[in-house]
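Below is the structure I would like to discuss, written out as structure tokens.
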Amino acid sequence: MWNEPTKEQLKEIPRLYDTEDKPAKDKPIYLHLFLGGSDWYIAEYDGEDLFFGYAILNGDEEMAEWGYVSFRELRSLKIAPGFEVECDAFWKVRKASEVDKIRTANYWKEPGIPRENTL
């Protein structure tokens, strides 16, 4: 994995199930990992290997979903030399509803725009 999350970043992520009582829109997203057209938005971490978050694979927003992904597996993904999963170095923690790709994949309205205008 290129530009791996730091130990400090990983320590900030809530443990698995710590945010399960929050609506999906309100879940904080602590990391953004990406490779080509695929994105993983991380909300929880077991402290060892397992992340919980939102995945959009190959830009397919219709099949995007919340679920679990192995950190070890993300580290091992390599398409070609120098083309591997990257951690967004400029990511700032924000609610899932404030992440454009998650919001559009879920048809969540933008602040101040009625839902019927977002489809």
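Among LEU77, GLY67, PHE90, whose Cα lies farthest out toward the positive end of the dipole of the range 7-104, if unit charges sit on the beta carbon of Lys, Arg (+1) and Asp, Glu (-1)?
Checking the options against the dipole of the range 7-104, the answer is PHE90.
Computed from these coordinates, which is Rg/Rh (Cα atoms, Kirkwood Rh): (1) 0.97; (2) 1.29; (3) 0.93?
Checked against the structure: label (1).
For the residue pair ASP49 and GLU61, what label-to-label distance in nm results when each label sits 7 Å from Cα along the Cα-to-beta-carbon direction?
Between ASP49 and GLU61, the simple spin-label model gives 3.4 nm.
Determine the alpha carbon to alpha carbon distance for each of LYS22/LYS78; LYS25/LYS78; LYS22/LYS109 and list only those over 27 Å.
Pairs exceeding 27 Å: LYS22/LYS78; LYS25/LYS78.
Under 8 Å for C-alpha pairs, at least 6 residues apart: give me the relative contact order for the range 1-110, rounded to a whole percent.
30
FRET efficiency for LEU77 and THR104, Cβ-Cβ distance as r, R0 = 22 Å, nearest 0.05?
It comes to 0.35.
Moving on to the next point. Given Cβ point charges of +1 (Lys, Arg) and -1 (Asp, Glu) and nothing else, what value in debye, to the nearest 20, does the dipole of the chain about its Cα centre take?
It works out to roughly 260 debye.
Since every read-out is calculated from the coordinates, none of them should be taken as a lab result. A quick note: this is a predicted structure, and the numbers were derived from the prediction, not measured. Here the Cβ is made from the backbone with ideal geometry for all residues, glycine too, and neighbour counts use every protein chain on show.
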